[in-house]
Amino acid sequence: MPGQILKTQAAHLTAIELVSCPEGRRIATLPPPLLRQLQQALSQATLSADAALTPPPWDARLVFHLDSGQAIYGQLVRSDVLRLYETAQCTGTRAATDELRLGEEAQPLFGWVQERLGPTEEKAYQTPPGLPPPPGD
């Protein structure tokens, strides 16, 4: 699972890139000081079996490059939730493999992404498209 790999191999991260969806154009690369801070945060993150219902606020993916040559793909769906994927495909928000709950040490990553892609308001109350309305609606 990508979440377990990212958590256990965080010290082996060599780069994190922000890429556009669906074209995969590199927007930016995380600066080394922020990468070191995020390595610590990822190693302490919690794997989650429950998916956040929040849709990703941006059409972009993070690409986590490991020194083994492996890449793991993810999207921040909130400032504290990193949704992970096994492929670079940007189709659908429900194809996630798993999620990591990030601690406060990872908050600068959300700010860094927001600086490059524009502000967003977290909307935890929104559900992904395609779900039926709640009973009574």
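The values are calculated or read from the model by the stated rules, or taken from the named source; none is laboratory data. Values in this document were obtained by computation on a predicted structure and should not be read as measured data. Virtual Cβ from ideal backbone geometry, glycine too; neighbours counted across all protein chains shown. Each accessible area value is taken on the protein alone, full model and side chains, heavy atoms only, with ligands, DNA and RNA left out. Shrake-Rupley method; radii C 1.70, N 1.55, O 1.52, S 1.80 Å.
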Report summary line: When the charge dipole of region 1-124 is computed with +1 at the Cβ of Lys and Arg and -1 at the Cβ of Asp and Glu, the Cα pointing farthest to the positive end, of Ala11, Leu66, Val113, is that of Leu66
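When ligands, DNA and RNA are left out and all protein chains stay put, how many square angstrom of accessible area per residue does region 1-112 have with a 1.4 Å probe? Working shown, then result.
Numbers: 5270 Å² over 112 residues.
Result: 47 Å² of accessible area for each residue.
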**Report entry** Carbon/sulfur fraction of accessible area - region 1-87, other protein chains in place, 1.4 Å, %
**Finding:** 49
Requested in this report: Order Asp67, Asp98, most accessible first, counting only protein heavy atoms with a 1.4 angstrom probe.
Outcome: Asp67, Asp98
Report summary line: Rounded to the nearest 10 Å², the accessible area of Phe110 using a 1.4 Å probe with every protein chain kept is 20
Query raised in the report: Net charge near Ala28, counting Lys/Arg +1 and Asp/Glu -1 over other residues with Cβ under 10 Å of its Cβ?
Result: 0
Query raised in the report: Rounded to the nearest 20 Debye, what is the dipole magnitude of region 1-124 about its Cα centre when Lys and Arg each give +1 and Asp and Glu each give -1 at the C-beta?
Result: 140
Requested in this report: At 1.4 Å probe size, with no ligands or nucleic acids counted, give the accessible surface of Glu23 in Å², nearest ten.
Outcome: 120
